[in-house]
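Report on one structure; see the data block that follows.
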Amino acid sequence: MTGFKVGEFLMSHDNILDYFKQLAISSPRVKYEVYGKTHENRLLTLAIFSSEANIKRNEEIRQQHPQLSDPYNSSKLNPVDLPFVVWLNHSVHRNEPSGANSALLTAYYLAAATGKEIDDLLDKTIILIDPAANPDGIQRFSTWANGHKSYMTNPDPASTEHNESWPGSRYNHYGFDLNRDWLTLVQPESEFRIKKFLEWRPNVLIDLHEMGTNSTYHFSPGDPNRVSPLISSANQLLAHKLADNYAKAFDKAGSFYFSGERFDDYFDGKGATYPDINGSVSSLFEQSSARGFVQESENGLLNFPFGIRNKFIGSLSTINTAYTFKNEFLEYQRNYFISAINESKKRKTKSLYFRSRLRSQYDLCICKTP
Ligand SMILES: [Zn+2]
């Protein structure tokens, strides 16, 4: 329906919206909703995937799941009975396009795959896909890359296609890096996203990015010497479970990768760490970037579709691994908030209160004691 295959051109924000709208019309396993608007009035959207029965009662599940993060009432719930929630956050840096373009493949798989394996998974799992976390940047970069694509693709790093003019598409309309705004909530995209995050409280959140052309593929955990003191060892154990299975998936696919180095888990205001200090377990995906359709690299020619393929493999591995260990993730989330109360009892400071300048309902309060 876009008129081209995934990877042939870059999906514009309009293409992405059209695709997800059509998918939700075509499949009872999909609900597609708008959760906010950008400075340029583009829509922030979230697609919800699960079994047909779960989609019909998705609002009931959405109201029930965050109760696991309520330390005063979560003991009444049996975590094993609750659906497990995964959030895939695509291309908040839009000149890192393999994420948003892979979202269409992951979505199609979740909507259309058949068999007992996928039926069992969707029966117990809610998958939230934000296909375009920076809509204004996505529109800008797709216009640049598609507009400078040659009939014969040019892999020369000096080609215009690979060198977007200032100010570039990493940022939003006003040049803010939305991946540094998860705590400060200065921009509307962040404000709407955190509201939605707190409504769902996912167990796992994956933030999909790209990095330099001469690299391979990175997944969390990052450098063990650069972990926020607010991120627990229990969190890191679960992050390693995800990582072990990413390694197996990429070994099988024949893609190079690395983990446990270079990237930090220290700054709490980004997509790969903010969820960690809110009871989720997050992972950062970094794919080497063709920054267009094909580019020469130290590892040979790097194609845009190769990056999309890797992101698709990583996304499916996330969903399958999280499903396999779902009870551990659910227990972890409940214990995370109960332990916060217990920890606060040992300290003089009983609570930390953050007030957003935007709207009072987004205020965050942690370690509140009765
Ligand atoms: Zn990035």
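The values are calculated or read from the model by the stated rules, or taken from the named source; none is laboratory data. Predicted model only: the values in this text are computed from it and were never measured. When we count neighbours, we look across all protein chains shown, and the Cβ atoms used for this are built from the backbone with ideal geometry, even at glycine. We work out accessible area using only protein heavy atoms, side chains counted, and drop any ligands, DNA or RNA first. Shrake-Rupley method; radii C 1.70, N 1.55, O 1.52, S 1.80 Å.
Tabulated data for the structure shown
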| quantity | calculated |
| --- | --- |
| Selected residue (criterion: most open to solvent (accessible area, probe 1.4 Å)) from residues of the range 48-77 that are part of a loop (DSSP other than H, G, I, E, B) and not small (Gly, Ala, Ser) | Tyr72 |
| Meets criteria (away from the ligand (no atom under 16 Å from the Cβ), surrounded by 17 or more Cβ atoms within 10 Å (Cβ to Cβ), within 20 Å of Tyr336 (Cβ to Cβ) and within 19 Å of the chain's Cα centre (by Cα)) for Asp276 | yes |
| Residue match in the range 191-202 (condition: under 13 Å from His93 (Cβ atoms) and modelled with pLDDT of 95 or more) | no |
| Number of the condition not met by Asp264 [criteria: (1) out of contact with any helix residue (DSSP H, G or I) (no Cβ under 9 Å at 6 or more places or on another chain); (2) at pLDDT 95 or above] | (2) |
| Residue list for the range 6-30, filter: surrounded by fewer than 19 Cβ atoms within 10 Å (Cβ to Cβ) and outside any helix (DSSP H, G or I) | Glu8, Phe9, Ser27, Pro28 |
| Failed condition for Lys124, given (1) touching a strand residue (DSSP E or B) at 6+ places or on another chain (Cβ under 7 Å); (2) open to solvent by less than 10 Å² (accessible area, probe 1.4 Å) | (2) |
| Pair list, Cβ < 8 Å and 6+ apart or interchain, from the range 87-100 residues that are among the aliphatic types (A, V, I, L, M) to residues that are assigned to a helix (DSSP H, G or I) | Leu88/Ala103; Leu88/Thr106; Leu88/Ser315; Leu88/Thr318; Val92/Leu178; Val92/Asn179; Ala100/Ile16; Ala100/Ile138 |
| Residue in the range 279-289 that is away from the ligand (no atom under 16 Å from the Cβ) and either over 15 Å from the mean Cα position of the chain (by Cα) or within 24 Å of Phe141 (Cβ to Cβ) (or both) present | yes |
| Residue selected from the range 164-184 under the condition of a type outside the set (Phe, Trp, Tyr) and without any contact (Cβ under 8 Å) to a residue 24 or more places away in the chain, by the criterion farthest from the ligand (Cβ to nearest atom) | Ser165 |
| The range 328-346: number of residues that are under 14 Å from Val80 (Cα atoms) and either exposed (fewer than 14 other Cβ atoms within 10 Å of the Cβ) or under 21 Å from the mean Cα position of the chain (by Cα) (or both) | 5 |
| Residue list for the range 158-183, restricted to those being aromatic (Phe, Trp, Tyr) and open to solvent by less than 80 Å² (accessible area, probe 1.4 Å) | Tyr171, Trp182 |
| Qualifying positions in the range 78-98 - more than 19 Å from Ile194 (Cβ to Cβ), more than 16 Å from the ligand (Cβ to nearest atom) and not in a helix (DSSP H, G or I) | Asn78, Leu82, Pro83, Phe84 |
| Failed condition for Val85, given (1) within 13 Å of Leu128 (Cα to Cα); (2) surrounded by fewer than 20 Cβ atoms within 10 Å (Cβ to Cβ); (3) not basic (Lys, Arg) | (2) |
| Some residue of the range 127-139 being outside any helix (DSSP H, G or I), under 20 Å from the mean Cα position of the chain (by Cα) and at pLDDT below 95 | no |
| Top-ranked residue in the range 193-219 [being touching a Gly at 6+ places or on another chain (Cβ under 9 Å) and either of a type in the set (Gly, Ala, Ser) or within 14 Å of the ligand (Cβ to nearest atom) (or both); ranked as nearest to Lys270 (Cα to Cα)] | Asp207 |
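Table: residues versus (1) in contact (Cβ under 8 Å) with a residue 40 or more places away in the chain; (2) in contact with a His (Cβ under 7 Å, 6 or more places away or on another chain); (3) within 16 Å of the ligand (Cβ to nearest atom).
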residue	(1), (2), (3)
Ile118	no, no, no
Lys124	yes, no, no
Asp130	yes, yes, yes
Ala133	yes, yes, yes
Asp156	yes, no, no
